[in-house]
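Asker: Okay, here's the structure, questions in a sec.
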Amino acid sequence: MEENGAYRGLLRQGQNGTSGVPFVIHRGDCLDVLGDMADNSIDSVVTDPPYGLSSEPDPIEVMRAWVNNESFLHRKKGFMGHEWDSFVPQPAYWREVFRVLKPGGHALVFAGARTQDLMAMSLRFAGFEIRDTIMWVFGSGMPKSLNIEKALMAKHSPQSLLWKGWGTALKPCYEPILLVRKPFRGSVAESILKNRVGGINRKNRVGQICSAVRALAWQFGA
């Protein structure tokens, strides 16, 4: 059911036995939606933000802007020419996520293989702790690689045959998922009793988690 730009419903029963769990899906700019949420009101976050797959920025200029509590202005376009993907979300975005997340709560943040350092640093500037990294491994990636042999052939170089099979990039095969946490006061036990978040269920299998996600997708009509 749609109501004021938000979809509300109940999660159908999945293979993991979940049933009747209410959910709300908000549509809108993330900063606008987050701005309407109360401090320390969200248990956990899973997000797949822009990776910033653009021209390499000057890391010194990036850090200088962030240290001065400013946004770094990256004038290049991102993946397939999209401006929204020109750079990773800056600390101002993550500070809003930090604000609404409960102390001790975790966030899973997808990142690009060659920009994960910038993503992690942006999260650190917002106040998050980097706890670990999960790898989403796949075999369907297409390498964005220059064929050196053909490039030398175009130059009519006699050395082109020496470079047969050589390129300039590896075949993409993974995406890092940064596991970050909002700091808390006191011990882990004290924080969990107070905020009721902060633990990681290590008994659940990946298949059980995926079943819950699929059940939500079926309810939503995806």
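The values are calculated or read from the model by the stated rules, or taken from the named source; none is laboratory data. This is a predicted model, so every value here is computed, not measured. When we count neighbours, we look across all protein chains shown, and the Cβ atoms used for this are built from the backbone with ideal geometry, even at glycine. The accessibility values were calculated without ligands, DNA or RNA, using every heavy atom of the protein model including side chains. Shrake-Rupley method; radii C 1.70, N 1.55, O 1.52, S 1.80 Å.
Asker: Take Leu34 and tell me if it is surrounded by 14 or more Cβ atoms within 10 Å (Cβ to Cβ), in contact with an Asp or Glu (Cβ under 9 Å, 6 or more places away or on another chain), part of a helix (DSSP H, G or I) and not aromatic (Phe, Trp, Tyr).
Answerer: So Leu34 fits the description; yes.
Matching residues to (1) within 29 Å of Val197 (Cα to Cα); (2) without any contact (Cβ under 8 Å) to a residue 12 or more places away in the chain; (3) not aromatic (Phe, Trp, Tyr):
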residue	(1), (2), (3)
Trp84	no, no, no
Pro89	yes, no, yes
Lys102	yes, no, yes
Gly105	yes, no, yes
Glu129	yes, no, yes
Val137	yes, no, yes
Ser140	no, yes, yes
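Asker: Filtering the stretch 75-91 down to residues that are under 15 Å from the mean Cα position of the chain (by Cα) and outside any loop (DSSP other than H, G, I, E, B), which residue is surrounded by the most Cβ atoms within 10 Å (Cβ to Cβ)?
Answerer: Applying the filter and picking the extreme gives Pro91.
Asker: Please return the ranges of helices (runs of 4 or more DSSP H) entirely within the stretch 101-195 where 3 or more residues are open to solvent by 50 Å² or more (accessible area, probe 1.4 Å) and touching a Gly at 6+ places or on another chain (Cβ under 9 Å). Talk me through it step by step, then tell me what you get.
Answerer: Working: elements: 116-126, 148-154, 188-195.
Correct list: 188-195.
Asker: Follow-up. Any residue at all in the stretch 173-189 that is at pLDDT below 90 and basic (Lys, Arg)?
Answerer: There is no residue in the stretch 173-189 that is at pLDDT below 90 and basic (Lys, Arg).
Asker: Being of a type in the set (Gly, Ala, Ser) and either in contact with a Lys or Arg (Cβ under 6 Å, 6 or more places away or on another chain) or modelled with pLDDT under 95 (or both) is the filter here; which residues of the stretch 112-156 pass it?
Answerer: So in the stretch 112-156, the residues of a type in the set (Gly, Ala, Ser) come out as 112-113, 120, 122, 126-127, 139-141, 145, 151, 154.
Residues satisfying the conditions are Gly112, Ala113, Ala126, Gly139, Ser140, Gly141, Ser145.
Asker: Continuing with the same structure: Return yes or no: is Met37 more than 30 Å from Lys171 (Cα to Cα), at pLDDT below 95 and of a type in the set (A, V, I, L, M)?
Answerer: yes
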